[in-house]
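Quick notes on the structure that follows.
The values are calculated or read from the model by the stated rules, or taken from the named source; none is laboratory data. No experiment lies behind these values; they were computed from the predicted model shown. Every residue, glycine as well, gets a Cβ built from its backbone with ideal geometry; the counts of neighbours run over all protein chains shown.
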Amino acid sequence: MPVLFIWLNSLRKTVILVGTVAALLFLIVVRLKNQVSFPLILNCFGQTSVKWMPFSYTQRRPLRTHYGYINVRTEEPLHLDCDICAIISNSGQMAAQKVGYEIDQSSCIWRMNNAPTKGYEEDVGKRTTVRVVSHTSVPLLLKNPEYFFRETNRTIYVIWGPFRNMRKDGNGIVYNMLKKTVDNYPGAKIYVTTEKRMSYCDEVFKKETGKDRVQSGSYLSTGWFTLILAMDACYRIHVYGMINDTYCKSEGFRKVPYHYYEPGRDECDEYFLHENAPYGGHRFITEKKVFAEWAKKHTIIFTHPNWTLS
């Protein structure tokens with residue numbers, strides 16, 4: 001009888017131990033699923049061909065406050081905090097990629113200027129969380145205000161532009177457009193960059209390239225402003241459809257239009273034209289070199305086409 005008792009007691013302890021270990025393993029797996037992107041880890045080891053499918057972020061945490069972006073209606077700063085951000089390039093590289101479903105699984109989805117989703121959902125997805133817009137592209141949005149500011153009024157619009165167009169004293173032509181827009185569409189979430197934030201973005205360009213933006217005759221691109229804000233607001237970034245600085249000189253590169261949603265100049269021709277313009281050009285190629293450096297310090301991956309970061 002004592003032998004049986006000892007055996008049963010030992011069995012009970014074994015069952016408890018196994019159950020405890022199993023429970024701990026389960027908790028570890030759940031935590032890893034919520035906090036680790038395994039394809040990102042593989043990407044660090046050079047396996048860039050893996051299909052990257054982000055996990056949805058489920059844990060609650062307070063929104064980050066971004067004081068360089070002010071709501072046109074309420075004059076409050078932007079509150080935005082994302083886990084995995086998908087940034088969708090306007091490039092013709094996005095045509096026929098069929099990654100729309102994958103993109104729509106991301107926590108926050110970023111688009112630029114007036115790039116459409118209707119009719120292109122299979123390739124670029126249909127959700128939009130943040131749309132970063134150049135002051136020169138605001139009139140393009142206002143051609144279809146019912147869509148941009150009523151039908152998709154959950155989207156956050158971040159408008160960047162120089163002080164002369166964004167001033168609030170009645171003389172800022174673009175700011176006046178935006179003020180009228182929020183009067184007509186009170187639910188629209190429209191933010192503008194502050195003058196201080198614009199200066200900061202210029203300072204980053206000078207620090208990263210060694211060139212003064214104004215003196216070098218350069219205009220920053222919407223992609224530049226998008227990446228800077230995204231690095232503040234996102235824990236991980238996946239950029240779709242952006243070519244690197246050497247792509248247009250690589251053998252057998254894919255010739256595509258500058259925008260996926262309209263015919264026009266070849267993308268590489270446009271890049272070379274801007275890069276070599278003596279004044280008023282976007283330095284797209286120079287910016288891409290900087291983005292590659294940022295990707296070594298932040299969790300950023302580039303696909304369609306894939307980037308190899310040295």
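Going through (1) surrounded by 20 or more Cβ atoms within 10 Å (Cβ to Cβ); (2) in a helix (DSSP H, G or I); (3) within 20 Å of the chain's Cα centre (by Cα); (4) of a type outside the set (D, E, K, R) one by one, Thr181 falls short only on (3).
Residue check: is Val124 closer than 20 Å to Asp202 by Cβ and touching a residue at least 60 places away in the same chain (Cβ under 8 Å)? Considered against the rule, which asks whether it is closer than 20 Å to Asp202 by Cβ and touching a residue at least 60 places away in the same chain (Cβ under 8 Å), Val124 comes out as no. Against the criterion of being more than 24 Å from Pro116 (Cα to Cα) and at pLDDT below 95, Glu251 qualifies. If you go through segment 147-167 and keep only what is among the charged types (D, E, K, R) and modelled with pLDDT of 95 or more, you end up with Arg164, Arg167.
The test for being among the aliphatic types (A, V, I, L, M), outside any helix (DSSP H, G or I) and surrounded by fewer than 17 Cβ atoms within 10 Å (Cβ to Cβ) holds for Val214.
In segment 206-219, the residues that are farther than 10 Å from Tyr279 by Cβ and touching a residue at least 60 places away in the same chain (Cβ under 8 Å) form Cβ pairs under 6 Å with partners that are of a type in the set (A, V, I, L, M) and surrounded by 14 or more Cβ atoms within 10 Å (Cβ to Cβ), at six or more places apart or across chains, as follows: Glu208/Val290. Of all residues in segment 126-145, those being out of contact with any helix residue (DSSP H, G or I) (no Cβ under 7 Å at 6 or more places or on another chain) and of a type in the set (Gly, Ala, Ser) number 1.
Taking segment 223-236 as the range and being of a type in the set (Val, Ile, Thr) and surrounded by 23 or more Cβ atoms within 10 Å (Cβ to Cβ) as the test, only Thr226 passes. Residues in segment 237-261 that are on the phi < 0 side of the Ramachandran plot and crowded, with 21+ Cβ neighbours inside 10 Å: Ile237, His238, Val239, Tyr240, Met242, Ile243, His259, Tyr260. Of all residue pairs spaced 6 or more apart or on separate chains, none has beta-carbon atoms under 8 Å together with a first member in segment 127-142 that is closer than 21 Å to Asp183 by Cα and charged (D, E, K, R) and a second member that is at pLDDT below 95 and buried (at least 18 other Cβ atoms within 10 Å of the Cβ). Selection over segment 47-85 of residues that are modelled with pLDDT of 95 or more and more than 19 Å from Ser106 (Cα to Cα) gives a count of 14.
Report, by residue number, each residue of segment 109-121 that is in contact (Cβ under 8 Å) with a residue 60 or more places away in the chain and hydrophobic (A, V, I, L, M, F, W, C). Within segment 109-121, Trp110, Met112, Ala115 qualify. Can you confirm whether Gly264 is of a type outside the set (D, E, K, R), exposed (fewer than 14 other Cβ atoms within 10 Å of the Cβ) and either in contact with a Phe, Trp or Tyr (Cβ under 7 Å, 6 or more places away or on another chain) or within 17 Å of Trp110 (Cβ to Cβ) (or both)? Answer is yes for this residue.
When restricted to residues that are closer than 16 Å to Ser89 by Cα, crowded, with 20+ Cβ neighbours inside 10 Å and of a type outside the set (Gly, Ala, Ser), segment 108-148 contains 14. Scanning segment 154-177 for residues that are of a type outside the set (Val, Ile, Thr), within 14 Å of Ile190 (Cα to Cα) and either in contact (Cβ under 8 Å) with a residue 12 or more places away in the chain or outside any helix (DSSP H, G or I) (or both) yields Arg154, Tyr157, Trp160, Gly161, Met166, Tyr175, Met177.
Go through the residues of segment 92-108 one by one and say whether even a single one is more than 16 Å from Gly241 (Cβ to Cβ), acidic (Asp, Glu) and touching a residue at least 24 places away in the same chain (Cβ under 8 Å). Taking every residue of segment 92-108 in turn, none turns out to be more than 16 Å from Gly241 (Cβ to Cβ), acidic (Asp, Glu) and touching a residue at least 24 places away in the same chain (Cβ under 8 Å).
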